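Reading through the structure tokens given below for one structure.
The values are calculated or read from the model by the stated rules, or taken from the named source; none is laboratory data. As the structure is a computational prediction, the values presented were derived from the model and not from experiment. Cβ coordinates were reconstructed from backbone atoms using ideal geometry, including for glycine residues, and neighbour counts include every protein chain displayed.
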Amino acid sequence: MNSYELLDKNFSVEKLRGLNKEQLNKLAREVRDYIIEVTKENGGHIAPSLGVVDLTIVLHYLYNTPYDKIIWDVGHQAYAHKIITDRAEDFKTLRQYKGIAGFLKSRESKFDVYEAGHTSTSLSAAAGFALSRKLSNENNKIISIIGDGALTGGVAFEGLNLIGSLKEDVLVILNDNEMSIAPNVGGFSKYFNKMITNKIYLKTKKEVQKIMKNLKIGNNLIDFVERIEESMKNIVIKGAFFEDLGFEYFGPVDGHDIEEMIDIIEKIKNIDGPKLLHVYTQKGKGYEKAENDPESFHGNV
């Protein structure tokens, strides 16, 4: 690891949180290079892990992990998570005898709060963590990351429904790497996201609703305004499905744009209740062979 400027064998989340945004981008490149270096030698799941490097860095940068809980849906996408949580040197032993595990292991690190395997279980786990937090009178944050493929599992829909009905403070991040949302990512979408995450907008919206409820035409007017807002969201971000389940929907955002992700997550992290952030990523990001053939590089053994 001597060839890396920021990433060294003693790298930790404490060091991560001392970096500036420009350095975060450099760190992301170094983490990708290190993942490629080790998996070429040892095998492993290259493409899934390369796709979430930027998102992983942002989450550990903004949240007080491991007190705040990051719950991965699939353990083999967590290589970057392992590297930046005190296991950079150990990562060289990936999938080796008595070496670091290819998946998340609670006995390996306090940062591995949930031993994810395959798949669609992270949302139900997040609901369980939320109930435990409530019973323990804790105030930590809970973040669950699930892929668009895993979201098709029945357990995932049960988890969504439970989180939405509990009304607990949980952030679900939908990691979409199929590029199906690309047409919605652009200047107007970014502007709309900034508008709906603005504190003044959210406060004003609640105050206006309160005032209108005291008017005779209040309910009809509220319904009309909400229909307009919902139509706008359907046109721009298509989040009505999740909002029907009780979530505030945000996105889509570029899952490789660190500054954009920091901006939106900083704005929504303290909004109470269930939230869903839709990010799009590219499997194999930063490794041309994996980008062009992510299926073959899903697991290199």
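Within region 222-269, which residues are within 19 Å of Ile145 (Cβ to Cβ), out of contact with any strand residue (DSSP E or B) (no Cβ under 8 Å at 6 or more places or on another chain) and modelled with pLDDT under 90?
Passing the criteria: Phe241, Leu245.
For region 153-192, enumerate the residues that are at pLDDT below 90, within 17 Å of the chain's Cα centre (by Cα) and polar (S, T, N, Q).
Within region 153-192, just Asn177 meets the criteria.
Hey, among Thr85, Thr93, Thr121, which residue is more than 21 Å from Ile46 (Cβ to Cβ) and β-branched (Val, Ile, Thr)?
It is Thr121.
Can you go through Phe91, Phe111 and tell me which one is part of a loop (DSSP other than H, G, I, E, B) and over 17 Å from Val172 (Cβ atoms)?
Phe111
Of all residues in region 86-102, how many are touching a Leu at 6+ places or on another chain (Cβ under 9 Å) and in contact (Cβ under 8 Å) with a residue 40 or more places away in the chain? Explain how you work it out, then say what you get.
Residues of region 86-102 that are touching a Leu at 6+ places or on another chain (Cβ under 9 Å), as a first pass: 88, 100-102.
Within this subset, residues satisfying the condition of being in contact (Cβ under 8 Å) with a residue 40 or more places away in the chain are 88, 102.
Within region 86-102, residues that are touching a Leu at 6+ places or on another chain (Cβ under 9 Å) and in contact (Cβ under 8 Å) with a residue 40 or more places away in the chain number 2.
Of all residues in region 77-116, which are crowded, with 23+ Cβ neighbours inside 10 Å, closer than 16 Å to Glu30 by Cβ and among the hydrophobic types (A, V, I, L, M, F, W, C)?
Ala80, Ile83, Ile84, Phe91
Can you give me the ranges of the helices (runs of 4 or more DSSP H) entirely in region 1-54 with at least 3 residues that are touching a residue at least 12 places away in the same chain (Cβ under 8 Å) and of a type in the set (Gly, Ala, Ser)?
Filter on region 1-54 gives 46-51.
Is there a residue in region 131-139 that is in contact with a Lys or Arg (Cβ under 9 Å, 6 or more places away or on another chain), in a helix (DSSP H, G or I) and buried (at least 17 other Cβ atoms within 10 Å of the Cβ)?
Yes, region 131-139 contains a residue that is in contact with a Lys or Arg (Cβ under 9 Å, 6 or more places away or on another chain), in a helix (DSSP H, G or I) and buried (at least 17 other Cβ atoms within 10 Å of the Cβ).
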